[in-house]
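Visitor: Structure incoming, see below.
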Amino acid sequence: MYIPVKQQARTVTAKYVIAGGDKNGQQFAPDSQIQVFYAQTGSLNVANNTITYGN
């Protein structure tokens, strides 16, 4: 039986701000974005014939 690998992509945005002091909350660099790709392998539960994916 074929169990597909579940693949997803997410976009993550980093915001650079100062924490504390008289400049608290001010941005000190432009925001940056990266795309993160990950895959989950599945396993077959033979008791109820369903595919379960890990974290």
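Visitor: State which residue is nearest to the chain's Cα centre (by Cα) when the search covers only region 1-28 and only residues that are surrounded by 10 or more Cβ atoms within 10 Å (Cβ to Cβ) and free of Cβ contacts under 8 Å to residues at least 12 places away in the same chain.
Guide: Checked region 1-28; the qualifying residue nearest to the chain's Cα centre (by Cα) is 17.
Visitor: Take residue 34 and tell me if it is open to solvent by 100 Å² or more (accessible area, probe 1.4 Å), of a type in the set (A, V, I, L, M, F, W, C) and farther than 23 Å from residue 51 by Cα.
Guide: When the stated conditions are applied, residue 34 passes them.
Visitor: Another question about this same structure. Among the numbered criteria (1) modelled with pLDDT under 95; (2) in contact with a Ser or Thr (Cβ under 6 Å, 6 or more places away or on another chain), which one does residue 51 miss?
Guide: (2)
The values are calculated or read from the model by the stated rules, or taken from the named source; none is laboratory data. Treat the numbers as computed from the prediction; the structure is a model and nothing was measured. Please note: Cβ atoms are built from the backbone with ideal geometry, for glycine as well, and neighbour counts cover all protein chains shown. These area figures cover heavy atoms from the full protein model, side chains too; ligands, DNA and RNA do not enter into them. Shrake-Rupley method; radii C 1.70, N 1.55, O 1.52, S 1.80 Å.
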